[in-house]
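Derivation of every value follows stated rules applied to the coordinates shown; laboratory data play no part. Keep in mind it's a predicted model, so treat the numbers as computed, not measured. Virtual Cβ from ideal backbone geometry, glycine too; neighbours counted across all protein chains shown.
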Amino acid sequence: MSSLLHRRIASLTAKTLWLAPLAGVTDSVFRSICKTWGADVVVSEMISADGLVYSYNKSIEYARFTADQRPFGMQLFGSESSMMRQGAQLLLAQKPDFLDVNMGCPVKKVIKRGAGSALMQTPQRAMEIVSALEPVVHEMALPLSVKFRAGWDGNSINAVEFACQMEAAGADILCLHPRTRSQMFGGKSDWQLITEVKKAVSIPVIGNGDIASVADALEMFETTGCDGVMIGRAAWGNPWLFAEIKAAMQGEEIPEISYGERFNTVRNHFLTAFQHYPRKRAVHEMRTHFARYSRGLRGGASFRAKINSSDKPEEVLHFIEELYNEQA
Ligand SMILES: Cc1cc2nc3c(=O)[nH]c(=O)nc-3n(C[C@H](O)[C@H](O)[C@H](O)COP(=O)(O)O)c2cc1C
């Protein structure tokens with residue numbers, strides 16, 4: 001392994017905080033917001049290898065990023081190694097900092113094509129994919145990571161064996177969301193599996209699943225020995241969580257994020273969305289974020305009703321201002 005690749009892997013996994021890929025949520029705009037608040041590593045939403053090959057212009061949109069997001073990984077999904085290789089080459093031309101392979105998506109549309117978490121049922125095929133990608137990614141001295149689950153269902157938990165197979169095939173970093181495919185996003189993730197995977201492989205392991213607070217993040221680091229933690233749903237509407245965890249990890253007092261700062265973040269998120277999307281799309285994309293940002297806030301329900309029936313950016317900005325003024 002080249003020393004450059006080694007350094008790159010180390011910088012992604014030195015007790016780092018990762019923003020999880022969340023399709024439909026962690027677009028370029030939100031990733032930048034999370035970086036501002038302390039996410040160390042961000043990953044694109046899942047990008048289809050077939051999509052890249054057959055409808056490039058549409059799929060490559062998901063790979064758009066801005067320099068402030070580095071280190072930035074692009075996540076590829078698919079089920080066929082030569083298609084994955086072509087897809088990877090198209091993504092690598094965009095100059096990400098690493099490539100991630102999705103072997104955890106539980107969604108029907110994806111698994112019926114043998115991709116995402118379906119690959120945990122066909123480990124040979126999963127190994128073929130990683131073996132096919134490894135030379136392409138390593139040629140550029142970039143790390144290759146694999147994100148996977150506990151297994152297909154409760155009767156076929158194979159995360160540890162699968163992790164060893166991915167390492168043997170050439171993966172540099174593993175990221176485990178220890179739920180089975182059958183669990184989808186329900187039930188609880190089994191952090192014990194992160195501990196077991198970490199013990200079984202010699203490459204870095206990123207732990208993921210159900211981190212909802214500073215205490216959860218610290219606990220995952222401590223109990224599993226993982227090299228980084230990945231946070232998804234809890235950061236949605238709450239990017240400040242990264243700053244809180246960072247402070248706690250450095251032994252500092254957990255910062256109190258004022259409503260003024262929160263307002264500035266939300267406003268900035270909204271305004272940046274307009275640079276990224278056409279006007280109407282920006283307003284619509286922001287609605288799910290607003291729903292999250294306003295959770296638990298005084299006047300949140302009426303704020304949501306108002307923004308959901310307005311297409312006018314100036315009006316929406318006014319509603320955001322009103323909401324945060326109400327908290328003061
Ligand atoms: C709306 C949504 C979209 C997701 N999209 C992706 C995706 O594109 N790629 C991926 O690997 N995982 C995806 N996931 C799974 C998350 O990355 C993560 O593994 C999971 O949510 C568990 O972490 P959390 O408890 O911190 O949210 C998605 C999850 C959700 C809820």
> Of the cross-linked pairs K15/K199; K15/K35; K95/K198; K280/K306; K35/K109; K109/K199, which ones have a Cα-Cα span greater than 25 Å in the structure shown?
Replying inline: K95/K198; K35/K109; K109/K199
> For the stretch 6-84, rounded, prolate or oblate, judged on the Cα gyration tensor with a ≥ b ≥ c (square roots of eigenvalues), a/c < 1.5 rounded, else prolate if a/b > b/c?
Replying inline: oblate
> If you rank C34, C164 by fewest surrounding Cβ atoms within 10 Å, what's the result?
Replying inline: C164, C34
> If you plug each phi of the stretch 48-53 into the Karplus form 6.51 cos²θ - 1.76 cosθ + 1.60 with θ = phi - 60°, what whole-Hz ³J(HN,Hα) values come out, in order, with x for Gly and Pro?
Replying inline: 6, 5, 4, x, 4, 6
> Using +1 on the beta carbon of Lys and Arg, -1 on that of Asp and Glu, and nothing else charged, what's the dipole of the stretch 136-192 about the Cα centre, debye to 20?
Replying inline: 320 debye
> When a footprinting reagent is the concern and you count Cβ atoms within 10 Å, what order do Y293, Y259, Y62 take, fewest first?
Replying inline: Y259, Y62, Y293
> Using a ≥ b ≥ c from the Cα gyration tensor of the stretch 110-208 (square roots of the eigenvalues), is it rounded, prolate or oblate, where a/c under 1.5 gives rounded and otherwise the larger of a/b and b/c decides, a/b for prolate?
Replying inline: oblate
> Just how far, in whole angstrom, is the stretch 161-224 from the stretch 101-143 if you go by their alpha carbon centroids?
Replying inline: 17 Å
> Once amide H atoms are built 1.01 Å from N in the peptide plane, which residues 5 or more positions from L76, or in another chain, come under 5 Å H to H?
Replying inline: I47, D100, V101, N102
> Could you give me the ³J(HN,Hα) list for the stretch 72-77, computed from phi with Karplus coefficients 6.51, -1.76, 1.60 and θ = phi - 60°, whole Hz, x at Gly and Pro?
Replying inline: 10, x, 9, 9, 10, 9
> What is the set of long-range amide H partners of R64 at a cut-off below 5 Å, with H atoms built 1.01 Å from backbone N?
Replying inline: none
>> Please report the antiparallel percentage of DSSP beta bridges with both residues in the chain, rounded to the nearest 5.
In response: 5 percent
> Which shape class applies to the stretch 3-249: rounded if a/c is under 1.5, otherwise prolate when a/b exceeds b/c and oblate if not, where a ≥ b ≥ c are the square roots of the Cα gyration tensor eigenvalues?
Replying inline: rounded
>> Taking the beta-carbon count within 10 Å as an exposure proxy, list S117, S309 from fewest neighbours to most.
In response: S309, S117
